[in-house]
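So the structure is just underneath, and the comments pick up after that.
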Amino acid sequence: MGDDLAEVLYTEQQIQERLAELAGEIWRDYEGKDVLLVGVLKGAVMVMADLMRHLPGSVEMDWMAISSYGSGTKSSGVVRILKDLDTDITDRHVLIVEDIIDSGLTLSWTRSNLESRKPASLEIMTLLRKPDVVKVQIDVRYVGFDIPDEFVVGYGLDYDQQYRNLREIGLLAPHVYS
Ligand code: PRP
Ligand code: MN
Ligand code: MG
């Protein structure tokens, strides 16, 4: 499976170190507040599992599944909720947890959807962010790594639903596409 990567961008250790740093920041910022982590299925499963285990105290988590219709690897901004939150987030401190922001369309839609439920606060954490996201101007409080505009897989990120279980993040080798 690792042979299918042309290049490793972030090793398991680099990912864990960065998540530990972000967890420290998050824990300080939310001191005295009861934070609810909201993950976006399926890509965010690894980030959620590891980020929350780097936090020194207890937190709640919930999940949303959304589908965006688009051509190929780009999303279109037309979004549908496949699974909604179980939690009423009114007056809650909500932190959205994502694996990657690419065009930003998924997250700008999700953010305004959650905003309309009147949480006490709403922030975003993403492990990876691509440069195009500046176009949609979403305010992202916590970013793991800014990456170039290349198709990345592993650590929750898929190519045709595969490679989510890689421990590292990398670029797929050309032979996989053909
Ligand atoms: C991927 C990724 C983000 C989104 C980012 O999810 O996990 O959620 O795309 O793209 P955008 O910024 O251009 O909207 P995907 O829709 O592939 O579903 P998945 O998480 O199940 O892989
Ligand atoms: Mn996703
Ligand atoms: Mg995907």
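Annotation: amide H of Leu128 within the under-5 Å range of Ile100, Ile101, Gly144, Phe145, sequence separation 5 or more or interchain, hydrogens built in the peptide plane. To the nearest 10, the accessible area of Ser112 is 70 Å² with a 1.4 Å probe.
Where a Cα-Cα gap under 28 Å defines reach, which lysines qualify for Lys118, not counting those fewer than 8 residues away within the same chain? Of all the lysines, those that pass the test against Lys118 - Cα under 28 Å, at least 8 places apart if same chain - are Lys33, Lys42, Lys83, Lys135. For the set Phe151, Phe145, solvent exposure ranked by accessible area (probe 1.4 Å, protein chains only) runs largest to smallest as Phe151, Phe145.
Of the listed residues Met125, Met46, the order by accessible area with a 1.4 Å probe, largest first, is Met46, Met125. Surface composition of segment 19-178: carbon and sulfur atoms hold 49% of the protein heavy-atom accessible area at a 1.4 Å probe.
Given a 1.4 Å probe and the protein chains as shown, Asp4 ends up with an accessible area of around 30 Å².
The values are calculated or read from the model by the stated rules, or taken from the named source; none is laboratory data. Values in this document were obtained by computation on a predicted structure and should not be read as measured data. Protein only, heavy atoms only, side chains kept; ligands, DNA and RNA dropped before computing areas. Shrake-Rupley method; radii C 1.70, N 1.55, O 1.52, S 1.80 Å.
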